[in-house]
Every structure is written in C-alpha cells, then in structure tokens.
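Inspection log for the structure reproduced underneath, given as structure tokens.
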Amino acid sequence: MLSRPVAFAQIWKSWFLSHSLLGKKNIILMGPPGAGKTTVGRIVGQKLDCPVIDIDDDVLETTWNMSVSEKLRDVGSKEFLEEEGKALLKFSASGSVISLSGSNPMHTAGMQHVKKNGIVVYLDVPTTVIMSRLKSKEMDRIVGLSPGVPLKDILQFRKQFYKRWFDIRVLCGGDIAAEVVAEKVLDAVKRYQNSELETFISTRSGRSGKNTEEGSHTYFSDVVTQGLALDGGLFVPERGLPKFTAEEWQGLIEATYVERAQVILERCIHPADIPASKLAEIIETAYGENFSCSKIAPVRHLAGNQFLLELFHGPTASFKDFALQLVPHLFAYCIPRSSNYLILVATSGDTGSAVLDGFNRLHDTDKQRIALVNFFPEDGVSPIQKSQMIGSQKENAWSVGVKSDFDFCQTAIKQIFTNSDFTGFLTVEYGIALAAANSINWARVLPQIVYHASAYLDLVHQGVISFGGPVDICIPTGNFGNMLAAFYAKMMGIPIRKCICASNENNVLTDFIRTGVYDLRGRKSISTFSPAVDILKSSNLERYLHLIANEDGQLVTQLFNQLENQGHFQLRKDLLGKLQQDLVAGWCSDEDCLAAIHSVYSTTGYILDTHTAVAKVVADRLQDRTCPIIISSTAHYSKFAPAILRALRISEINQNPLSQLHLLSSYSALPPIHWGLLETLKKTGNGDHQVCAADMSVLMSHIETLIQNHFM
C-alpha cells in the first residue's frame, strides 16, 4: 500500500498532467522577497515530479555569471530591472514550477512573455510577516532598497505589480509552513483549471448543479444575468461558500477595505467567470472616489460594548451602495457583448436610487445595451428617497411609482420572470432578455459578506478584541439579505456569535424566528418611519432555510408554495432549533425608534437614522453585554429628515426636502449631512416620473413601452 504522501504526489501528478490547460503549462510562483517562493516551488515540484526553476539562481546568475547582489550593486536598481527583464525574455520552459524573483513583475515585457505559458500564483504574505522574516536575512538583493527608503514602502509599492499579473492568489499568513503553502498552491491550481467545481443550484431543486431545462451547468456569470432560477427559486452555490482559516483572516487585519474585498470575492467568483485582474479593476472602481470615506465601511464606537458599522458613505447614502456600485460592472462584464438586457428592480426605498446610480456609472457603450426599470411603492418611501429615485433617472434608467406596497412590487417582478409567455415575447419581438438587480440576485449578496467580515477585522485592528473573540451583530432586517450575508460571513470563518434581527411594526420575521410560524394571513404592510424594513415577504429567507434544511429543495418548494397559496407555513421542530441557534429577533415601535434617536443624540451628539435606531432599540433589549455588538447603520439619517427632525423635537417642519437638510446641517451633528443627497436635491427638473396601478398587466405594458422607447 502506498504511503499517504506518495499517493498524494501520484494523484496530483496524474491530475495535473491530465487537466493542464495545454498539457505543458508552467506553475509560476510570484510574491515579495521573503514570501518563500523558492522553498514552496521545490516542494510543489517534488509533489508533481516536474522540473523546478528558480529565476534568481538558475537563470539570472547563470546568464550574468555573477550573483544577483553583485549585479545589483554594479548597475543600480533601474538598470538591474532592465537587465533582469531582458534575461526573462530569453527564458522559456514548459511543464515546470518556476519561482520568480521579487522584482520580475516590475518588468512588463518580461512578465508578458513568461505568463503566456503559465499560471501565475501570487503568494500573498502580509507585509508585517515579510518584514519580520527579512530581519534575519541579507537584504542586498532587494531592488530599490537604499538608505532613507523604508523596506515597508518598497513592499507596498510592489503590490500594484503583483496584482496586475496574478491568476491565482494564495494567502500565506503568520508562521504557515512551506509544506502547507505548497498544498494550498496545488489546491488553487486545481480550482483554477476546473470551473465545474463551482456551479449553482436553485433553492427549489436537487443538488445537480445543472439547468434542468438545458441540461447544462449554471455558473456565476449565468446567475448574475438570470437573477431568478427557472423554477422560481433563488440561486445558491452548490458546494457552499469557501472557508478561510484563522491565519488567512488574520492576514487581512492590516488590509484596506478594497484589499479585503478583492481577497474574499476572488474566492467566491471563479476566475473563469471573471479573471482576478478584471475583478480587481471592478472592485477598485466600485469602492473608489464615489465613497465619501476612505475607509469605505468604518466602524465607530457608540457607547459601552456597542459599535456602529457605518454603511452610508456611498453615493446614495445607504448600505445598498456596497452591492450596487459593484453589480452593474459584474453584470456588464458577464453578459454577451451582442445582447440587450432590461433590469427589473423592486425597492422599498434605498435600492432604487442605489441601483439607478450604479447602472448610470457604466460606460456609454454598456448603457446602450443595458436598461433598467425601478418599481417602488408610490406612497411608501420617504420624500427624500423619492426625490433621489426621480432625480437619478437617465436615458436608460427609469423609476415607476406603483400604487401599492413593496411586497406587491417584489412579487410582481418574480411573476414576470416566471411568465414564460411574456419573457419569450420580449425575446422574440424585441431581442430583449430580462434580469434582476434585487437581492434575489446572488451577486447582490456577495458584497455584503465583505463588510461584515471587514467590521470584525476592524475591531481586531482597533484592539477591541483579539481574533477569535466573539461578536454579536444586530441588523435592521426586511428582505433578509443583509442578515443572510452576516450569516455567510460566519460560515466563512468570522467569529460571529449571534445574529440579531431587528424589525419594526412589520414584525413577521420576529414572530417567525420566535415561533417557527411564518404567517401573513390578515396582515398588511404598515407604513413606518423605517420604510426599508416595511416588508412582510422576506425573499432571502429562502436561501437561509435551504441551508439549514440540508439543501432540501423539495421541502423549500413545499414551504414557499404554501406561503404563496395559503399565506403561511410552519417549520419542523428540528429546523426551528437550528434557526434559533443562529438567530434571535425583536421589534421596535415608531415611538421607541424616535425616542432612541433623541436619546443617542442627547448623550453622544450622534444622529442615528430610523433603521439604525430600530436596531439600537432591539440590541439594547436582547444583548447580554458579554461581547461587543456591531449594529449595522444601514442608511444616513439625512434620507429620513422629517422623522429625524420630529425625534429631535422640532415642532415646525418645512415640507421642502432641501430645507429639511439645511435645518439638520445646523445641528453640526455626527456624522455630517451626506454630500450626495444635497447634490441630488439641488438638481433641477427631477419632478417627472411615471405612476401606475397595482396590476400585473399594467406593469408589463409599462415594461414594453420603455423597451420600445430605449432599444427600438
């Protein structure tokens, strides 16, 4: 019988030879000085029984007939890079493991040449770890190092080049052994070359990973463009989400928000769908100058053990910006270049302006083939939210007020997607495909995982907790997408203890979490001061129930068909037990919401928005104060000025939204008035929008008319 290491090596060799992209590809290891490229390369070569080439020792020193340090000393850093690049251009190999020098990626032509026949693996080691490793080594081979130039600055400068070239990133934090890194490299290469490992299934189907109608696999790019599964279910990854080790998470403590997003999303999106370099470009665009805070999602201490995760620094002042500054670019990349798409969106307030802003930022060529219709409850959003949605309309993006509530808008969109006669008519008659940008779209959920993970890492970075220490999270919850993302972050290795769902008077979720009974009979949506959670049908709950039911699509179908047809369902006792291990819930009245805003402002000078106040009230009631609690601050208070002014005991409130914001700005509170809202309200000519009845045929007629106006 073969020993385990020998058997492992033979399995890997067999797999690599049979699955290599062209049969003779190289594995190219790249990273900073001290990343362990040479040692890891030798181990990987041994496991695959293939040649191992170290660029420094086997190419440069052989070519120059002198050591790398001597060459660097003789010619200086600038000339060294040119000489190094020339040597790389003359180099060729196949079926080998190649360890690059730390400076090779700084020569464009040389890297283009090497990359043609290889898979570039970036050994991503935290800068602090590299600094520690290099203390005990000779540093006369590091290009650019000179008196007055800190090593840390050199390492930081080089990251831009590593990000440009890699196909695969392998996180190498702490004191991880080279043997472990080598196995991670092989696992990453296997993933890179086998996209069929990452397929999606519907919450209402079995574990086939196939599109039941076409018999083909469903991948991330399909999920982004389809939105809703053909059987009416929601897409979820067939093999679940990736898990990070504690060491990998700790390696991200010093990282920026953008860097964290890149690492997390690379592991959730296969490079066959979106290559790492393109994904990095999209993320940097999404979380760039359009966010007013450089930290993107800062964590602020409120009082005691309570911390606020500020999710309102995006262009439209709500947490929706985190997904909807990203998703339009993902969507534009994933759809065929020759196709035309109409995006359908239902909003309870914040999604509308966020999705309009996000799609408006696409390149003009993409706007010509992608249009958007945003349906919102005409009388169910705040005046400023409505002004935002109307003011954000462009030639390819429109807002339509519906004389009903959010639940009708959301249900209508689901029914449109599953109406094959209507969707088929649009395809045949106009060449148009429909897509969704609501949180039913899987791509909407992924970016939310990032900020929950980032908030925890920020608390570690601030010294509030050590990594591994638990936190609770409290979220104002309507459609359950934000809460689902927090739970996914927990599954991926973030030590979240309890997820606390905070509802307003539309407290169906609270009742469900407490009793296991989801009951809509006799209930109508109540308009409250926190309209984003004025929701009775929580779409993303379906994904969570599918998960705790061990992906039993038949059970999920039964439950949600019963909800649709009879207005209620009840969980089995065992499933309710699982749910209550993860979730606790409470709700807050409008009166208590306003009281919390007044109390927090009086004691801290900080103004909570109405949704965050709901979460604060519920957190006060349900937390046990044995660990920190992170409250998701999902919107800026400026969006709900009338309610905020009322909470601050202002007796006379001007009905003009711009006047309300100017009055709020006079308080000099924290945080300041949101710049994006002021700019939107200052625009002229944003009073026109369409309004329609709560009737499916009327909505479909509006959709057809808008298609004719834009695409024909």
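Does any residue of region 511-524 turn out to be touching a residue at least 60 places away in the same chain (Cβ under 8 Å), open to solvent by less than 10 Å² (accessible area, probe 1.4 Å), in a helix (DSSP H, G or I) and farther than 15 Å from A585 by Cα? No, every residue in region 511-524 fails to be touching a residue at least 60 places away in the same chain (Cβ under 8 Å), open to solvent by less than 10 Å² (accessible area, probe 1.4 Å), in a helix (DSSP H, G or I) and farther than 15 Å from A585 by Cα.
Have a look at K578, K616 and point out the one that is part of a helix (DSSP H, G or I), open to solvent by 10 Å² or more (accessible area, probe 1.4 Å) and touching a strand residue (DSSP E or B) at 6+ places or on another chain (Cβ under 7 Å). Exactly one of K578, K616 is part of a helix (DSSP H, G or I), open to solvent by 10 Å² or more (accessible area, probe 1.4 Å) and touching a strand residue (DSSP E or B) at 6+ places or on another chain (Cβ under 7 Å), namely K616. Of the helices (runs of 4 or more DSSP H) lying entirely inside region 120-197, the ones with 3 or more residues being touching a helix residue (DSSP H, G or I) at 6+ places or on another chain (Cβ under 8 Å) and within 21 Å of I264 (Cα to Cα) are found at 151-165, 178-193. Taken together, the residues in region 369-391 that are out of contact with any Ser or Thr (no Cβ under 8 Å at 6 or more places or on another chain) and at pLDDT below 90 amount to 3. Within 25 Å of E79 (Cα to Cα) and either crowded, with 16+ Cβ neighbours inside 10 Å or touching a residue at least 40 places away in the same chain (Cβ under 8 Å) (or both), is that true of I142? Yes; evaluated as a whole, the condition is true for this residue. Any idea which residue in region 293-335 is least open to solvent (accessible area, probe 1.4 Å), counting only those that are assigned to a strand (DSSP E or B) and over 20 Å from T477 (Cα atoms)? The residue in question is L302. Counting only residues that are open to solvent by 10 Å² or more (accessible area, probe 1.4 Å) and at pLDDT 90 or above, how many does region 336-354 have? Residues that pass the stated criteria total 2.
Against the definition (over 21 Å from the mean Cα position of the chain (by Cα) and not aliphatic (A, V, I, L, M)), how does G391 come out, yes or no?
So G391 passes the test.
Residue-level analysis places Q562 among those that are open to solvent by 20 Å² or more (accessible area, probe 1.4 Å), touching a strand residue (DSSP E or B) at 6+ places or on another chain (Cβ under 7 Å) and either part of a loop (DSSP other than H, G, I, E, B) or over 30 Å from S466 (Cα atoms) (or both). Counted as qualifying within region 35-102 are the helices (runs of 4 or more DSSP H) with 2 or more residues that are in contact (Cβ under 8 Å) with a residue 40 or more places away in the chain and touching an Asp or Glu at 6+ places or on another chain (Cβ under 9 Å), namely 37-48, 68-89.
With respect to (1) modelled with pLDDT of 95 or more; (2) over 38 Å from the mean Cα position of the chain (by Cα), the lone exception for E70 is condition (1). Of everything in region 654-664 that is open to solvent by less than 50 Å² (accessible area, probe 1.4 Å) and hydrophobic (A, V, I, L, M, F, W, C), the residue that is nearest to Y601 (Cα to Cα) is L664.
If only residues of region 19-78 that are open to solvent by less than 60 Å² (accessible area, probe 1.4 Å) and polar (S, T, N, Q) are counted, the one that is farthest from I130 (Cα to Cα) is S20. Pairing each residue of region 586-604 that is at pLDDT below 95 with any residue that is in a helix (DSSP H, G or I) and open to solvent by less than 50 Å² (accessible area, probe 1.4 Å), provided the two are 6+ apart or on different chains, yields no C-beta distance under 7 Å. Within region 478-510, the only residue that satisfies the criterion of being over 19 Å from H546 (Cα atoms), open to solvent by 10 Å² or more (accessible area, probe 1.4 Å) and polar (S, T, N, Q) is N507.
When only residues in region 584-613 that are of a type in the set (S, T, N, Q) and crowded, with 23+ Cβ neighbours inside 10 Å count, which is nearest to R497 (Cα to Cα)?
Step one: of region 584-613, the residues of a type in the set (S, T, N, Q) are 589, 599, 602-604, 610, 612.
Still in the running and crowded, with 23+ Cβ neighbours inside 10 Å: 610, 612.
Details: T610: 25, T612: 20 Å.
Looking at the filtered set, the residue picked out is T612.
In region 103-119, which residues are in a helix (DSSP H, G or I), under 20 Å from V68 (Cβ atoms) and touching a residue at least 40 places away in the same chain (Cβ under 8 Å)? Once the filter is applied, which keeps residues that are in a helix (DSSP H, G or I), under 20 Å from V68 (Cβ atoms) and touching a residue at least 40 places away in the same chain (Cβ under 8 Å), region 103-119 yields N104, P105, M106, M111, V114. Do you know which residues across region 665-706 are open to solvent by less than 30 Å² (accessible area, probe 1.4 Å) and at pLDDT 90 or above? If the condition is that a residue be open to solvent by less than 30 Å² (accessible area, probe 1.4 Å) and at pLDDT 90 or above, then P671, C692, L699, I703 are the ones that fit.
Taking region 464-496 only, how many residues are within 27 Å of E542 (Cα to Cα) and outside any strand (DSSP E or B)? Please lay out each step first, then the result.
Of the residues in region 464-496, the ones within 27 Å of E542 (Cα to Cα) are 470-496.
From what's left, outside any strand (DSSP E or B): 470, 477-495.
Residues that pass the stated criteria total 20.
Listed conditions (1) crowded, with 17+ Cβ neighbours inside 10 Å; (2) at pLDDT below 95; (3) touching a helix residue (DSSP H, G or I) at 6+ places or on another chain (Cβ under 9 Å) are all met by G206, apart from (1).
Against the criterion of being assigned to a loop (DSSP other than H, G, I, E, B) and surrounded by 20 or more Cβ atoms within 10 Å (Cβ to Cβ), I282 does not qualify.
Of the residues D364, D357, the single one that is open to solvent by 10 Å² or more (accessible area, probe 1.4 Å) and more than 19 Å from the chain's Cα centre (by Cα) is D364. Per the listing E266, E238, E248, the residue uniquely more than 30 Å from Q156 (Cβ to Cβ), of a type outside the set (K, R) and surrounded by 17 or more Cβ atoms within 10 Å (Cβ to Cβ) is E238. When V224 is tested against the conditions (1) at pLDDT 85 or above; (2) under 30 Å from L541 (Cβ atoms); (3) crowded, with 23+ Cβ neighbours inside 10 Å; (4) in contact with a strand residue (DSSP E or B) (Cβ under 7 Å, 6 or more places away or on another chain), the lone failure is (4).
The values are calculated or read from the model by the stated rules, or taken from the named source; none is laboratory data. Quantities reported herein were computed from a predicted structural model and do not represent experimental measurements. Don't worry about glycine lacking a Cβ; one is built from the backbone with ideal geometry, like all the others, and counts go over all protein chains shown. These accessible areas exclude ligands, DNA and RNA; they are computed on the full protein's heavy atoms, side chains included. Shrake-Rupley method; radii C 1.70, N 1.55, O 1.52, S 1.80 Å.
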